Amino acid sequence: MHTGRELVLAWRGPGPALPDGAVAVRGDRIAAVGPLEALRERFPGARVRSWPGVLGPGRTHTGALPSAPSPRERVHAVLTTGATGVLAARVTDPALRSAAERAGVLVHAVAPDHAAGTAVLVEGGRADLTAFGDAPGGGAECLVTVCAGRIVHRRR
C-alpha cells in the first residue's frame, strides 16, 4: 500500500486531492483507492509505504530519452521523473526498448490520452504510481516511481 501527504486520482482533471489517501496494490494491479484508514481495515497486515509528498498516477514521457552511458541508465533517467511510460518512436533502438521493457515501462505506439497528465488511478488498473515532493529551491521532485506495482525509482 502506498500513501502520501495527499492522493490525486489524476494530475489534471477529476476531483480534488484526498488528504491521507492511499492506493492498495496487489501484484501489478491497483486493488483499491481511498482513505488510508479504510484501506488499512480492508487490507490488514499490508505493508504501508508513506511518501512525504503528493501521490498520483505514473506519467508518460513524450520527449527524447535523456542521454546516459547505457540504455538501462537512459530508462532509469526517465523513471526518476515519475514517468512509467514512453513513446515507441523514442525507443527505436532494440537495446533501449529492451531496457524499457525489463524495467516494466509501458511502450506506447502513440501518445495516450493521459500523456498530458490525465491518467486516473482506478481499482483494477495497472499499478503505475509516482509521488512528488518539494524540491530544494522550489519546484517539485520525484520521490518514488512505481511501475506495475514495483518500486523502480526512489529518491535517496
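Taking (1) within 23 Å of Gly125 (Cα to Cα); (2) touching a residue at least 12 places away in the same chain (Cβ under 8 Å) in turn, Glu101 satisfies each apart from (2).
When residues in region 1-58 are screened for being more than 16 Å from the chain's Cα centre (by Cα) and within 27 Å of Ala135 (Cα to Cα), 13 of them pass.
Any idea which of Ala32, Ala109, Ala89, Ala10 is aliphatic (A, V, I, L, M), at pLDDT below 90 and more than 26 Å from Arg156 (Cα to Cα)?
Selected residue: Ala109, the only one of Ala32, Ala109, Ala89, Ala10 that is aliphatic (A, V, I, L, M), at pLDDT below 90 and more than 26 Å from Arg156 (Cα to Cα).
For region 64-98, the set of residues classified as touching a residue at least 40 places away in the same chain (Cβ under 8 Å) and not polar (S, T, N, Q) consists of His76, Leu79, Gly82, Ala83, Gly85, listed by residue number.
The values are calculated or read from the model by the stated rules, or taken from the named source; none is laboratory data. On a predicted model such as this, the values are computed, not experimentally measured, just so you know. In this analysis, Cβ positions are derived from the backbone assuming ideal geometry, glycine residues included, and neighbour counts consider all displayed protein chains.
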